[in-house]
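Asks: Structure in structure tokens, see below.
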Amino acid sequence: MLSTLKFDASPSVSAARLKPLHLLQSTSGIRAPARGAVTRQDGGESATFGAALTHTPTLAERLFEAIADAKVWTSRVAMHLSRDTRDRLFHQLDMLHELDEWAEGDAAVSLDSFKSFVRAILYHAVNSKPALALMPNGNILALWADGRDKLTVEFLPGNRTRWMVQNVTASGPERTTSTTPLERLRDVLQPYNAERWFDGR
Amino acid sequence: MRMTSDSTASIYTSPPIIEATVEIRYPEAVSDAKVKKASDRLKRRYDFTTAEEQLEATLNFTTRSADFVRKGVLLSHRSADQANRVGMTNVSISWTRLAPYEGWEKFISWVGQDLAEVNKAWGVREVSRIGLRYINRIDIPISDDDLFHNEDYISFKLVTGPILDPQNGYQWIIRKEHRDVNLVSVVQSATVEPEIPGTAAFTFDIDVAHDALSGVDVPRKSDDILARLSEIRALKNAIFEAGLTPLAKEKFR
């Protein structure tokens, strides 16, 4: 009878960080999370948990995991990025986390900030190649230059941005700064000719 | 049942695959030393290796005591870009390719090369299950009416009638034995958090396996396993093609 399933239909393992459906749990083989279930046994209650034994991570391991998390998250949107863009971002991430040049107390890249940055690239179809820096709190800072004019955008968690434009005029340099949702970034930068930075001119 | 053959499978230049996994399970556990031996053979192919010891704890609240049972090791290898990863335990080995997916030929060639190395360490073992799982993520624009018209993109869907339409989200899972080809499929789909502003997204997750519980022996030798994976892939492709609409597939071309 087709309605009677005798297979153990537990799915193949998955490394995706998606929220799994209730019926089939994702079983990431890389960093197994603690998992457990409470059952009643012989009149008493017991709980069984499984967990991976880990030690306190070293600085190198913490940096590695932060970069790895960013790269794995990128796989969710990789089909919308050109291979060149993806490879460049990964290279920049690696360079920003050089162990030899790491300042004690600095935070590794914030995944939420990195998400905002990549989302901005996708949403605004940014095809230029900004320089990247890492704020001490782990936020991504992207820098564009057009002659002496400069655009600096700090990508904040939650799809927000803090930006600063330095515009050199006949009267001297002018600086404008503000905070805006990333969806509005191109609109609010329009008075400063956003396309010269975003569209790779 | 019609199945898409390897040679006629559609080619998509921008496939929505965010994760492709091959997994082989064994009914008998090998020793930790053998897992390490196989892992050592693969290490040079990867940039990073991690080892974890798996423990299971049973807490008894009545007696306020706990029992710990060792559940073996998990050795993982990853490429520098994190897109290629292999994980092995005492009873299984899996290969996962994250996006960007580079095509079946490259994927199965990688699995085949690693499997040959692993079999040098383990020998030919009885296999209890060969599984192939593809997780697709489809990002679609939110329409002018501020709705997520998933029905325009996925052919398999829950029919609820007006009381639950329009839906704000969904999830479903289907299991099916394909007795003509001795395979079982587990197909699931759900709305997921959007990653790109102005879009909505859903997953289309297809897992097809040959399980020893079907009563048909699972191949053991590398070449036979790879040949079986090609057959499994054909069913996976057929489900993919049937499950998505032409509008969805147009996005991947």
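Readers should treat all values here as calculations from the given coordinates under stated rules, not as data from a laboratory. Values in this document were obtained by computation on a predicted structure and should not be read as measured data. Cβ coordinates were reconstructed from backbone atoms using ideal geometry, including for glycine residues, and neighbour counts include every protein chain displayed.
Asks: Under a plain spin-label model, where a point goes 7 Å from the Cα along Cα-to-Cβ, how far apart in nm are B:LYS106 and A:GLU195?
Replies: Distance between the two pseudo-spin positions: 3.4 nm.
Asks: Here is a follow-up. Determine, for each peptide in B:198-205, B:23-30, B:174-181, B:159-166, the mean count of other beta carbons within 10 angstrom over its residues, then list the peptides with the highest first. Provide the component values of the computation, followed by the final result.
Replies: Working: B:198-205: 20.4, B:23-30: 17.9, B:174-181: 14.4, B:159-166: 8.5.
Highest-to-lowest ranking by the protection proxy: B:198-205, B:23-30, B:174-181, B:159-166.
Asks: Okay, next question. Averaged across A:75-86, how many Cβ atoms of other chains sit within 10 Å of each residue's Cβ atom? Walk me through the intermediate numbers first.
Replies: Working: counts 12, 11, 7, 10, 16, 7, 2, 1, 2, 0, 0, 4.
Mean shielding count: 6.
Asks: With N denoting the number of residues in the protein assembly as shown, provide Rg(C-alpha) divided by 2.2 N^0.38 Å, to two decimal places. Walk me through the numbers before you get to the answer.
Replies: Details: Rg = 24.5 Å, N = 454, 2.2 N^0.38 = 22.5 Å.
Compactness ratio reported: 1.09.
Asks: Among B:LYS34, B:LYS221, which comes first, second and so on when ranked by fewest other beta-carbon atoms within 10 Å?
Replies: Details: B:LYS34 17, B:LYS221 12.
Sorted ascending by nearby Cβ count, the order is B:LYS221, B:LYS34.
Asks: By a straight-distance test (C-alpha under 25 Å), which lysines pair with B:LYS36 as possible cross-link partners, with residues fewer than eight away in the same chain excluded?
Replies: Straight-distance partners of B:LYS36: B:LYS71, B:LYS120, B:LYS221.
Asks: Considering segment A:59-198, what Rg and Dmax in Å follow from its alpha-carbon atoms?
Replies: 15.4, 50
Asks: Taking N as the number of residues in segment B:54-97, what is its Cα Rg relative to 2.2 N^0.38 Å? Walk me through the numbers before you get to the answer.
Replies: Numbers: Rg = 16.0 Å, N = 44, 2.2 N^0.38 = 9.3 Å.
Expressed relative to 2.2 N^0.38 Å, the Cα Rg reads 1.73.
Asks: Right, next: Using θ = phi - 60° and the Karplus relation 6.51 cos²θ - 1.76 cosθ + 1.60, list the HN-Hα couplings for segment B:240-253 in order, rounded to whole Hz, with x at every Gly or Pro.
Replies: 4, 5, 6, x, 10, 7, x, 4, 5, 5, 4, 5, 9, 7
Asks: Here's something else I'd like to know. Taking B:LYS236 as the anchor, which aspartates and glutamates have their alpha carbon closer than 16 Å to its alpha carbon, excluding any fewer than eight residues away along the same chain?
Replies: Output for B:LYS236: B:ASP6, B:GLU19, B:GLU23, B:GLU105, B:GLU177, B:ASP180, B:ASP205, B:ASP207, B:ASP211.
Asks: Going 7 Å from the Cα of A:GLU174 in the Cα-to-Cβ direction, what parts of segment A:121-161 have a backbone nitrogen less than 14 Å from that spot?
Replies: Of the residues in segment A:121-161, A:149-150 have backbone N under 14 Å from the label point off A:GLU174.
Asks: What FRET efficiency, computed as 1/(1 + (r/R0)^6) with R0 = 25 Å and r the Cβ-Cβ distance, is obtained for B:ASP146 and A:ASP187, rounded to the nearest 0.05? Could the numbers behind the result be given before it?
Replies: Values: r = 20 Å, r/R0 = 0.80.
Plugging the Cβ-Cβ distance into 1/(1 + (r/R0)^6) gives 0.80.
Asks: Same structure, new question: Report the label-to-label distance for B:LYS120 and B:ASP40 in nanometres (one decimal), using points 7 Å from each Cα along the Cα→Cβ vector.
Replies: Taking the two extended label points, one gets 1.3 nm.
Asks: What is the distance in Å between the Cα centroid of segment B:91-119 and that of segment A:103-166?
Replies: 35 Å
Asks: Enter the mean number of other protein chain beta carbons within 10 Å of the beta carbon of each residue in B:55-62, as an integer.
Replies: Whole-number average of other-chain Cβ neighbours for B:55-62 is 6.
Asks: Quick check for you: which residues of segment A:92-125 have the amide N under 13 Å from the point 7 Å beyond the Cα of A:ARG62 toward its beta carbon?
Replies: Label zone hits: A:102-110.
Asks: Order of A:VAL72, B:VAL124 from fewest to most other C-beta atoms within 10 Å?
Replies: Numbers: A:VAL72 23, B:VAL124 10.
Sorted ascending by nearby Cβ count, the order is B:VAL124, A:VAL72.
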